[in-house]
Amino acid sequence: MSKAYPKRIKQMARNLRSKGWSLGEISLKMEIPKNTLSGWAKDIKLSDKQKKRIKQKIINSNKFSRPLAVAANRRKFEQWKEAIRNSVKHFENIPLKNPELGKLICGILYLCEGAKYPSSRYLYLGNSDPKIISFFIGALRRYYKIDENKLRFAISYRWDQSFQRLKNYWSKVTKIPKSKCLNSKPDIRTKGKPTLRKDYMGICRIVYYSAALQFELQSIGETIIKVEPERIELSASSMPWKRSPS
């Protein structure tokens, strides 16, 4: 139920509006909601001079308040991200020394990002995130007896990027010699379009000439996504790496 105001309060608000005050100014002064004031003063006509003053007042207010609002939203967003990061921090304790678990992660990652058999007859996985590439190539070396001679990397990059610089960068990330980087050309569609992200280093693609390993990883991923939801255990006992709540 809306609050009832005395006639003198309503008349005071109308007088201020007639003098060219904005609804926001009246609301702050009289502590009355703007939608209430709007109903009281809807029949009051403002002069062009008054309208111009109110418009300038709004512009000046926005210049001051907008940066504050942006900063406040940014703080809230960072707090939101930090809360989620903390809620999943226990995954740091996953026992990756267990080869079965390591191969499982590799299989899921390959199913999402890798080229599939039979359209491709060798392992081929690409991503622009160096952490993903570093994890994947490290996992291959850890959980599988791969032949380094069969290992290569390729780069997809934009027209204004230096292939030599990218080759040096991804060679360090993958620990694959630069001499094993496959030749490639920049994406002609990006010609004349400057790269806006200065930290963008193109897409690195891990290549391993083995259809058997490719199909094994693909099959692991496909096996997991076929698991019936009822069989997925979500209890703490099924996740030995999860910390007990304090």
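Structure summary
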| item | result |
| --- | --- |
| Residue under evaluation Tyr208, criteria (1) modelled with pLDDT under 95; (2) more than 27 Å from the chain's Cα centre (by Cα); (3) not small (Gly, Ala, Ser), criterion not met | (1) |
| Helices (runs of 4 or more DSSP H) fully within the stretch 2-72 counting 2 or more residues that are on the phi > 0 side of the Ramachandran plot | none |
| Complete set of residues in the stretch 1-42 that are acidic (Asp, Glu) and closer than 20 Å to Arg53 by Cβ | Glu25 |
| Residue in the stretch 102-116 that is farther than 30 Å from Ala212 by Cα and assigned to a helix (DSSP H, G or I) present | no |
| Criterion: in contact with a Leu (Cβ under 6 Å, 6 or more places away or on another chain), at pLDDT 90 or above and in the same structural domain as Ile59 (by TED's automatic domain parsing) - qualifying residue of Leu23, Leu37 | Leu37 |
| Any chance Lys57 is at pLDDT below 85 and surrounded by 12 or more Cβ atoms within 10 Å (Cβ to Cβ) | yes |
| Selection status of Lys167, within 24 Å of Lys131 (Cα to Cα), within 27 Å of the chain's Cα centre (by Cα), modelled with pLDDT of 95 or more and surrounded by 10 or more Cβ atoms within 10 Å (Cβ to Cβ) | yes |
| Answer residue from the stretch 128-159, given it is acidic (Asp, Glu) and in a loop (DSSP other than H, G, I, E, B) and is farthest from Tyr110 (Cα to Cα) among those | Asp147 |
| In the stretch 185-205, the residues that are of a type in the set (A, V, I, L, M, F, W, C) and either part of a strand (DSSP E or B) or under 24 Å from the mean Cα position of the chain (by Cα) (or both) | Leu196, Met201, Ile203, Cys204 |
| Filter result (touching a Phe, Trp or Tyr at 6+ places or on another chain (Cβ under 7 Å) and surrounded by fewer than 11 Cβ atoms within 10 Å (Cβ to Cβ)) within the stretch 189-232 | Lys191 |
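For every residue, the table says whether it meets (1) crowded, with 16+ Cβ neighbours inside 10 Å; (2) acidic (Asp, Glu); (3) within 23 Å of Asn168 (Cα to Cα).
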| position | (1), (2), (3) |
| --- | --- |
| Tyr117 | yes, no, no |
| Asn127 | yes, no, yes |
| Pro130 | yes, no, yes |
| Ala139 | yes, no, yes |
| Asn149 | no, no, yes |
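The values are calculated or read from the model by the stated rules, or taken from the named source; none is laboratory data. Keep in mind it's a predicted model, so treat the numbers as computed, not measured. A quick note on method: Cβ atoms are made from the backbone with ideal geometry, for glycine too, and the neighbour counts reach across all protein chains shown.
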